[in-house]
1. Please work out the Cα center distance from segment 197-218 to segment 165-191, rounded to the nearest Å.
2. Any idea what the dipole of the chain comes to, in debye rounded to 20, about its Cα centre with Lys/Arg Cβ at +1 and Asp/Glu Cβ at -1?
3. Using only Cα atoms, what Kirkwood radius does segment 130-178 have, in angstroms?
4. Counting other C-beta atoms within 10 Å, and keeping those with at most 14, which DSSP coil trypsin sites (Lys or Arg not before Pro) do you find in segment 106-152?
5. Please get the size of the charge dipole for segment 1-102, origin at its Cα centre, with Cβ charges of +1 on Lys and Arg and -1 on Asp and Glu, quoted in debye to the nearest 20.
6. If you count only protein heavy atoms with a 1.4 Å probe, what accessible area per residue comes out for the chain, rounded to a whole Å²?
7. Whose amide H sits under 5 Å from the amide H of Gln147, counting only residues 5 or more places off or on another chain, with H placed in the peptide plane?
8. For segment 138-145, take each phi angle, set θ = phi - 60°, evaluate the Karplus expression 6.51 cos²θ - 1.76 cosθ + 1.60, and give the result in whole Hz per residue in order, putting x for glycine and proline.
Amino acid sequence: MPEIMNDASWQVPHAEEIELFDKKCDYCVVIPVINEGERIRSQLRAMKPLAEQVDILIADGGSTDGSLVPEFLRSVGVRTLLVKKDKGKLSAQLRIAYAYALRQGYKGVITVDGNNKDGVEAIPDFIRHLDKGYGLVQGSRYVKGGQAINTPVVRDLAIRLLHAPIISLAARHRYTDTTNGFRGYSREYLLDPRVQPFRDVFNLYELLAYMSVKAPRLGYPTIEIPVTRRYPDSGEVPTKISHFRGNLLLLRTLFHLFTGAYEPSRIQEGPKL
């Protein structure tokens, strides 16, 4: 399908763009973050050697902890800081970053969480698979070669017994790690008019599930590749959403996926919350 860059119709939250370097790579990695403190700083230090292979974009939800000052970001090779100045949570941050990436001409976008749980050494493998023509490259801790380290039991069971089976059924494609935000999308997939991710209906945590379902259903080559996801040995689990509220939002999102509430043809109506 030919590329259609109809960005005038995109619904993208307002954001401040702070560009620290010029574009130099074909692909970018988007890191959504808010108040991750030393976790995001440690992650960015680990990613600095990758800045020659992939441009690093930060999608900040409005951090107030001082962890993302431009001087530090420049020192670790971050290309652009995007600061949301509008309503919404993760999906809003991702819409801001994906829109920026497409307008900048990137061939594809990789997303990884900003809480230092993911093995960022897998990023070149995402690039290789996007270069091979995959529309969606999903990281999985559960496929051969992946590692699930200290995953909380409740979360592990929810992924294996609830989220992955339901998303797989909706997508007509088998997934094993559908809550994992470590993934890559091709430019063609993001711009496909049958997808239209730049809509206000994607405001909380819905966008990742929607994109997982649409890619295989539209015929885009989709693959899971091994990644490492490591939770702390002890102490607080890095997350921005409680188990109860998270499961409630998850069930609501899955219901809307099955009823077609996120389909582009319903852009004016949207799901009933």
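The values are calculated or read from the model by the stated rules, or taken from the named source; none is laboratory data. Computed from a predicted structure; not experimentally measured. Ideal geometry is used to build each Cβ from the backbone, glycine not excepted, and the neighbour counts take in all protein chains shown. The accessibility values were calculated without ligands, DNA or RNA, using every heavy atom of the protein model including side chains. Shrake-Rupley method; radii C 1.70, N 1.55, O 1.52, S 1.80 Å.
1. Answer, in whole Å: 9.
2. On the way: 37 positive and 31 negative charges, 142 e Å.
Computed about the Cα centre, the dipole is about 680 debye.
3. Working: mean 1/r = 0.0841 Å⁻¹.
Answer for segment 130-178: a Kirkwood hydrodynamic radius of 11.9 Å.
4. Details: sites: Lys107, Lys117, Arg128, Lys132, Arg141, Lys144; in loops: Lys107, Lys117, Lys132, Arg141, Lys144.
Passing sites in segment 106-152 are Lys132, Lys144.
5. On the way: 13 positive and 15 negative charges, 55 e Å.
Dipole size: approximately 260 debye.
6. Working: 12170 Å² over 273 residues.
Each residue of the chain exposes 45 Å² on average to a 1.4 Å probe.
7. Counting only residues 5 or more places away or on other chains, the set is Val227, Thr228, Arg229.
8. Each residue of segment 138-145 in turn: 9, x, 9, 7, 9, 7, 4, x Hz.
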